[in-house]
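Here, each number is a calculation from the coordinates, and none is a lab measurement. Everything quoted here is computed from the prediction, not taken from an experiment. Here the Cβ positions follow ideal geometry from the backbone for every residue, glycine too, while neighbour counts run over all protein chains shown.
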Amino acid sequence: MRYTVNIIVSIKDVIKKMDIEIPEYISNIQSFYLYLKEKCDLPQVNQGEVCICSKDKNRDITLFVITDTESVLYSPFEDISMFASIFPLYISYCSTIARAEEIFLANEGSHYYMWHEGYEDEYSKYGIAKELEEEWLQEYCLSPKIP
């Protein structure tokens, strides 16, 4: 089955909008990313960066994370057909530390909340040291609680 996805790519304040048809041979997240990279002229991901796809430009809901070796580090989805229902699909790049910090703060520094909200798997892929988490807790005056 073919899908058409409306995509907005934001890289270094340059925004491109386009409609991309996803061919039938694209069957997994890795091949989907490589296809998007080619069709949307996405840049190489540098070490310490991630490629984020989200449903909402104001809140990154990660659909997949790409490593500097161009492989999928994390995706909560197996089936690419769900991308057809996302309108539009936002693609952006950020540092792994910035993304981890964003998840950490959105969940008030609580691994329980990260797990409950479905972010724990992604967050754990970034390998954030406990020392850095302690810095964030102090910097943002957080005291995580388990309900």
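The phi-based Karplus calculation (6.51 cos²θ - 1.76 cosθ + 1.60; θ = phi - 60°) puts the 3J(HN,Hα) values of the stretch 3-14 at 10, 10, 10, 8, 10, 10, 9, 10, 10, 6, 6, 9 Hz, whole numbers, x for Gly and Pro. Fully extending the segment from residue 71 to residue 105 would add 9.6 nm, taking 0.36 nm per residue of separation and subtracting the current Cα-Cα distance. Between residue 8 and residue 97, the simple spin-label model (points 7 angstrom out along Cα→Cβ) gives 2.9 nm.
A viscosity of 0.692 mPa s and a temperature of 37 °C, combined with the Kirkwood radius over Cα pairs in Stokes-Einstein, give a translational diffusion coefficient for the stretch 3-139 of 210 µm²/s.
To the nearest 0.05, what FRET efficiency results for residue 16 and residue 121 with a Förster distance of 22 Å applied to their C-beta separation? Plugging the Cβ-Cβ distance into 1/(1 + (r/R0)^6) gives 0.15. Between amide H atoms placed 1.01 Å from N, distances below 5 Å from residue 74 occur with 65, all of them 5 or more places distant or on a separate chain. Only lysine pairs 8 or more places apart or on separate chains count here, and in the chain those with Cα atoms under 28 Å apart total 23. Out of every Cα-Cα pair that the stretch 61-147 contains, those further apart than 15 angstrom amount to 62 percent.
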